[in-house]
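**Q** The structure that follows is given in the form of structure tokens.
Nothing in this text is a laboratory measurement; each read-out follows from the coordinates by a stated rule. Quick caveat: nothing in here was measured; it's all calculated off a predicted structure. Here the Cβ positions follow ideal geometry from the backbone for every residue, glycine too, while neighbour counts run over all protein chains shown.
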């Protein structure tokens, strides 16, 4: 009878209790580190599993025991995230724990200041804030207490400096406005690290009192020409001019008429608008408003229209066509020039029975023409009177 041999399974090594996990208390970010797990009675070849639990999740490594020692070489790529790392080692049922702090490195470029709000009123009372979060070369916020230097140049060119330390990842400072409108430039450095600048715009405050002027100031009421309305330079109480593009509303009030609202915008603190002369003589009151602040009132007197002196009036009757033609002029203004084309002539006819007829005619080339049908008029003697500005013309004619 042939004998047989029987191979018995080797028992799995067991280990329980505590593993001695040795690690440095702290290292710099991006620095390789050696971690050691020790257990004198651990059999050679037994696998130790090491778990590194940090801010960005776990990392697993394995190494065998040799002469009661398992060594883990952690590369620099696995230590770039700063923060507290919990280390847990397992071998069979045995466990060891330790903690490793990865400290951030020195600040690197760029150190970027952040400003908010982006604009404040330049009155010395409003303020904004500047914040900076410096990082090391691996993108970690730098260590608490890291000093930062802030440098400021005000709109008037005056410099300011101050320091602030990193607290809860960032350094910040409140920046009060000055009383000079313009751009405040802010930069920040952290050690040898620099970055771009940031800007805080200081805008003019509430406008102070201002007045108006008009040019020319002696236009006639011809309904055609324009007066240029202009504000004096508008500033706040500190002398800062209003920003370009600030909306101004001119309000022109004519006697018995609806106010005219004329919008305009400031350039170099001054706003201009064009006001068309009224057709009726009289005084126009003009004011300008912005942000609820109203200018002093400006009174503009518009004299009667353009034509001056006496002017001829010619009446002719065309019996063939049954029409009557009235020609007024030439109509001359103060300098002896023709009145502008389109100037209205007010023509009044007084009939033989006292009936009054009112007509209008526009001038062209210094003359105003009006054509009437003979059938519109009864026979008899008529008086005709024409008014254009301060000029007057009149004559008599008969209708057979």
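**Q** Mind giving me the FRET efficiency for residue 373 and residue 301? R0 is 30 Å, r the Cβ-Cβ distance, nearest 0.05 is fine.
**A** 0.15
**Q** Hey, another quick one. Which value, in nm² and rounded to one decimal, describes the direction-averaged projected area of the C-alpha convex hull of segment 263-400?
**A** 11.9
**Q** May I ask you to sort 131, 111 by Cβ crowding, counting other Cβ atoms within 10 Å and putting the fewest first?
**A** Ranking 131, 111 by Cβ neighbours within 10 Å, fewest first, gives 131, 111.
**Q** Follow-up question, since we're still on this one. To two decimal places, what compactness ratio does segment 17-103 give when its Cα radius of gyration is scaled by 2.2 N^0.38 Å?
**A** Against the compact-globule rule of thumb, the ratio is 1.04.
**Q** Arrange the following residues from fewest to most other Cβ atoms within 10 Å of their Cβ: 174, 359, 62, 224.
**A** Arranged by neighbour count, lowest to highest, 174, 359, 62, 224 become 174, 62, 359, 224.
**Q** Consider a paramagnetic label point 7 Å from the Cα of residue 88 along Cα→Cβ; state which residues of segment 23-57 have an amide N under 20 Å from it.
**A** Output list for this probe position: 23-24, 35-39, 47-57.
**Q** Using a Förster distance of 56 Å, how high is the FRET efficiency between residue 395 and residue 291, based on the Cβ-Cβ distance and rounded to 0.05?
**A** Efficiency at R0 = 56 Å is approximately 0.45.
**Q** Looking only at Cα atoms, what is the convex hull volume of segment 212-302 per residue, in Å³?
**A** Convex hull of Cα atoms, per residue: 86 Å³.
**Q** Could you give the nm distance between label points at residue 321 and residue 346, where each point is 7 Å from its Cα heading toward the beta carbon?
**A** According to this spin-label approximation, the distance is 2.9 nm.
**Q** Quick one: if the Förster radius is 25 Å, what FRET efficiency do residue 274 and residue 237 give, using the C-beta to C-beta distance and rounding to 0.05?
**A** Efficiency, from the Cβ-Cβ distance: 0.25.
**Q** Quick one: work out Rg over Rh on the C-alpha atoms of segment 181-244, Rh as Kirkwood radius.
**A** 1.37
**Q** How much of the pair distance distribution for segment 113-203 lies past 22 Å, counting alpha-carbon pairs only, in percent?
**A** Tail fraction, whole percent: 26.
**Q** Related question: At 7 Å along the Cα-to-beta-carbon direction for both residue 103 and residue 118, put a label point, then send me their distance in nm to one decimal.
**A** With each label point 7 Å from Cα toward Cβ, the separation is 4.0 nm.
**Q** Let me ask another. Going by average Cβ density within 10 Å per residue, which order do the peptides 34-45, 159-170 take, highest to lowest?
**A** 34-45, 159-170
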